[in-house]
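No value in this document is a laboratory result; all are computed from the given coordinates. The shown structure was predicted, so the numbers you read here are calculated from the model rather than taken from an experiment. In this analysis, Cβ positions are derived from the backbone assuming ideal geometry, glycine residues included, and neighbour counts consider all displayed protein chains.
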Amino acid sequence: MAVGSIPLVGLALTYIFIGGLDWMFLKLIRGQKAEVGDAFAGFNLAFGPLALFSLVAQLLVFLGIILCILPGIYPQHLLDVFHAFDHSG
């Protein structure tokens with residue numbers, strides 16, 4: 001069974017894997033030798049912080065979607081802009 005078929009697990013592992021890729025690219029930028037195993041360093045070096053970040057990021061995205069913050073702000077901004085150009089009253 002692929003990890004992608006389990007959405008929450010897939011999202012959590014994605015952030016951890018991206019952390020490993022960032023570590024690998026950082027080693028390359030510093031001129032150090034990078035290996036394929038460095039791409040999975042997020043599972044060893046910083047699993048806890050990356051997993052916590054993943055959880056917080058997913059909760060914030062979920063909360064933003066539930067509250068529909070942006071769809072509420074954008075129409076209000078348009079009304080404010082149009083009201084500023086309204087010279088009828």
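Here are a few things to note about the model shown:
- Among 20-26, 45-51, 30-36, the order from most to least packed when residues are scored by Cβ within 10 Å on average: 20-26, 45-51, 30-36
- Each residue of segment 24-30 was assigned a 3J(HN,Hα) from its phi angle through the Karplus expression (A = 6.51, B = -1.76, C = 1.60, θ = phi - 60°), giving 5, 5, 4, 5, 5, 5, 6 Hz with x at Gly and Pro.
- Computed lengthening from Phe25 to Val56, 0.36 nm per intervening residue step minus Cα-Cα distance: 8.7 nm
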